[in-house]
Amino acid sequence: MSGAVVRLDRVALDVGAQKVLRGISLAIPRGGFRWLLGPSGAGKTSLLRLLHLELRPSEGRLELLGRDVGAAPRAALPQLRRRIGMVFQDFRLLPHLSAFDNVALPLRLAGRPEGQIQADVGEMLAWVGLRGRIHCHPAELSGGEQQRVAIARAVINRPDLLLADEPTGNLDDTQAQRLMLLLGELSRLGTTIVVATHNDTIVARHPAPAVRLAEGRLVNADA
Ligand SMILES: Nc1ncnc2c1ncn2[C@@H]1O[C@H](COP(=O)(O)OP(=O)(O)O)[C@@H](O)[C@H]1O
Ligand SMILES: [Mg+2]
């Protein structure tokens, strides 16, 4: 075992005929924070999907949370995935569930007692400024509100690895700053975090090592 929460060794990803990622090697330690940067089409979302176990590398070795993903039996992946939180760019909230129930879902799947769920989810939704909106369904929420529900859902289970795809895309400046406070706190508690973004302002305000992609290749890592 390498000790890194995320380790890629010469990873490549093909989607159909397209070479989406090429020669990606990087390692991120426990509690590490990385910006994931690069122009549109560079491969940021694809890299996050690899780290979220939605895709498997076409070549190379991917190790997550100490496990060699390529060597792990398929049956072992759901358990690994439960330790990974993802904020999707398009939110992917369940439309028939309220904001509260969307955020509660990971805790319910983990079999947490309902009393604890009520307290934790209420507190988290209040923290992201949605105390008055907990009973709303996604269709009744603005883009920014849906994004904050998606963030709350991704972090409610204290994942070991948190992935976020353009998580400030629909947030105003104050909300984006609040998200960064939350991520900083999680990172200090030991969560490893990767955030893909185009938000230059927030990157400038929160200097951290960056993984930079261009045309599916690493420009530099751990800068
Ligand atoms: N499912 C897919 N089918 C076809 N092409 C894809 C698919 N996913 C990604 N790609 C291609 O891979 C490249 C990288 O895309 P993506 O990872 O979304 O980049 P980014 O998030 O940096 O904008 C793009 O050229 C995109 O068209
Ligand atoms: Mg993308």
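Listed values, structure above:
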item: Rg and Dmax [Cα atoms of the range 44-107; Å; Rg one decimal, Dmax integer]; result: 13.8, 41
item: Dipole axis of the chain (+1 Lys, Arg; -1 Asp, Glu on Cβ), positive-most option in SER187, ALA204, VAL87; result: SER187
item: Calculated [θ] (222 nm, deg cm²/dmol) that DSSP helices of n ≥ 4 give over the chain, each run adding -39,500 (n - 2.57); result: -9500 deg cm²/dmol
item: Computed label-point distance, nm, for sites ALA204 and LEU181 using a 7 Å Cα→Cβ extension; result: 2.3
item: 25 °C / 0.890 mPa s Stokes-Einstein diffusion coefficient of the range 136-223, Kirkwood radius on C-alpha pairs, µm²/s; result: 174
item: Peptides 152-160, 165-173, 131-139 ordered by average Cβ neighbours within 10 Å, highest first; result: 152-160, 165-173, 131-139
item: Charged-residue dipole, Cβ positions (Lys, Arg, Asp, Glu), the range 106-220 about Cα centre, Debye nearest 20; result: 240
item: Peptides ranked, highest mean first, by Cβ atoms within 10 Å: ranges 203-214, 66-77; result: 203-214, 66-77
item: Net length gained if the chain between LEU77 and SER40 were fully extended (0.36 nm per residue, minus Cα distance); result: 10.4 nm
item: For the chain, convex hull of alpha carbons as volume per residue, Å³; result: 128
item: Where labels lie 7 Å past Cα in the beta-carbon direction, separation of ARG67 and ASP9 in nm; result: 1.9
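Read the figures in this text as sums done on the coordinates, not as results from a lab. The shown structure was predicted, so the numbers you read here are calculated from the model rather than taken from an experiment. For neighbour counting, all protein chains shown are included, and Cβ atoms are generated from backbone atoms with ideal geometry for every residue, glycine included.
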